[in-house]
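S.K.: Below are the structure tokens for one structure; questions will follow.
Only the coordinates and a few stated rules stand behind these numbers; no lab work does. Everything numeric in this text was worked out from a predicted model, so none of it was measured. Cβ placement follows ideal geometry from the backbone for every residue including glycine, while neighbour counts extend to all protein chains displayed.
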């Protein structure tokens, strides 16, 4: 390795965190998840339950696989979380009327009440974490992340 190559490699490694967008995306997600878990724990919700509750927020019924896809959680993990939530009285299931092979999930009244409490905490986290970000910057960020997600989805 030549001195120039070594210097270039060391320079790129030294600035890796500053220039690698996935470092920052992951870091923001880790801090968000930790803050979310800290805020939701007192009301009895963990991050996996939060993902299921929010998946069902804007739809009356979703299949377990749809919840897994929406919440970016593996299907077997989502299935276990839903089973625990059934036991806790937070969700209930039914057979999809148009396809008897599919189990659909929906929030119970208790689950919807808990979701509403959790959403208050999530909104606080959003407001606090985007305090120094203008609405226009947030709109731009969402647009950029939407494009990146679509590009990455085409790779898998």
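S.K.: Which one, 136, 68, 35, has the greatest fluctuation when you compute a Gaussian network model over the chain with C-alpha springs under 10 angstrom?
M.R.: Taking springs between Cα atoms under 10 Å, the residue moving most is 136.
S.K.: Gaussian network model of the chain, Cα springs within a sub-10 Å range: biggest mean-square fluctuation belongs to which of 115, 94, 106?
M.R.: 94
S.K.: Normalised by the residues of the chain, what does the relative contact order come to in percent, with Cα pairs under 8 Å and at least six apart?
M.R.: For the chain, the relative contact order is 19 percent.
S.K.: Can you figure out the FRET efficiency of residue 76 with residue 101, using R₀ = 22 Å and their beta-carbon distance, to the nearest 0.05?
M.R.: With a Förster radius of 22 Å, E is 0.80.
S.K.: Something else about it: Just how far, in whole angstrom, is the range 49-108 from the range 120-156 if you go by their alpha carbon centroids?
M.R.: Between the Cα centre of the range 120-156 and that of the range 49-108, the gap is 25 Å.
S.K.: How far is helix 21-40 tilted, in degrees, relative to the longest principal axis of the Cα atoms in the chain, given as a value from 0 to 90 rounded to the nearest 10?
M.R.: That works out to roughly 40 degrees.
S.K.: Separate question: Treating the angle as unsigned and between 0 and 90°, give the value, to the nearest 10°, between the Cα long axis of helix 135-155 and the longest Cα principal axis of the chain.
M.R.: Relative to the chain, helix 135-155 is tipped by roughly 90 degrees.
S.K.: Rounding to the nearest 10 and keeping the result within 0 to 90°, find how far the Cα-based axis of helix 109-129 lies from the longest principal axis of the chain.
M.R.: Roughly 20 degrees, rounded to the nearest 10.
S.K.: Between 31, 22, 61, find the one with the highest GNM mean-square fluctuation for the chain; connect C-alpha pairs within less than 10 Å.
M.R.: Highest fluctuation of the listed residues: 22.
S.K.: Among (i) 70, 40, 24; (ii) 50, 37, 27; (iii) 67, 36, 28, find the value of Cα extents along the principal axes in Å that was calculated from the structure presented, and write down its label.
M.R.: Evaluating Cα extents along the principal axes in Å on these atoms matches (iii).
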